[in-house]
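Here is the structure we will look at.
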Amino acid sequence: MATEAYCVKCKAKRTMKDEKKVTMKNGKPATQGVCPVCGTKMFKIGAK
C-alpha cells in the first residue's frame, strides 16, 4: 500500500512499514504502522 504518515519522533513524513487497517472507536477507518527509521508507531486517519 505504501501509505505516507507523519512520524512524531523523526518530525518528518515517512512511508509506513507493517501497515494494517484499523477502525477507530468512533467507527472511522484508519491505518496504523511503524516508522522504518526509528520504529515509532505511526497513525493515519482515513481510508486508503
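Bear in mind that the values in this text are calculations on the coordinates, not laboratory data. Please read all numbers here as calculations on a predicted model, not as lab measurements. So basically every Cβ, Gly included, is an ideal-geometry build from the backbone, and we count neighbours across all protein chains shown.
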What per residue convex hull volume, in Å³, comes out for the chain when only alpha-carbon positions are used? 66
Return, in residue-number order, each cysteine of the chain whose C-beta is not under 4.7 Å from any other cysteine's C-beta. Cys38
Report the charge-dipole magnitude of the chain in Debye, nearest 20, computed about the Cα centre from +1 at each Lys and Arg Cβ and -1 at each Asp and Glu Cβ. 120
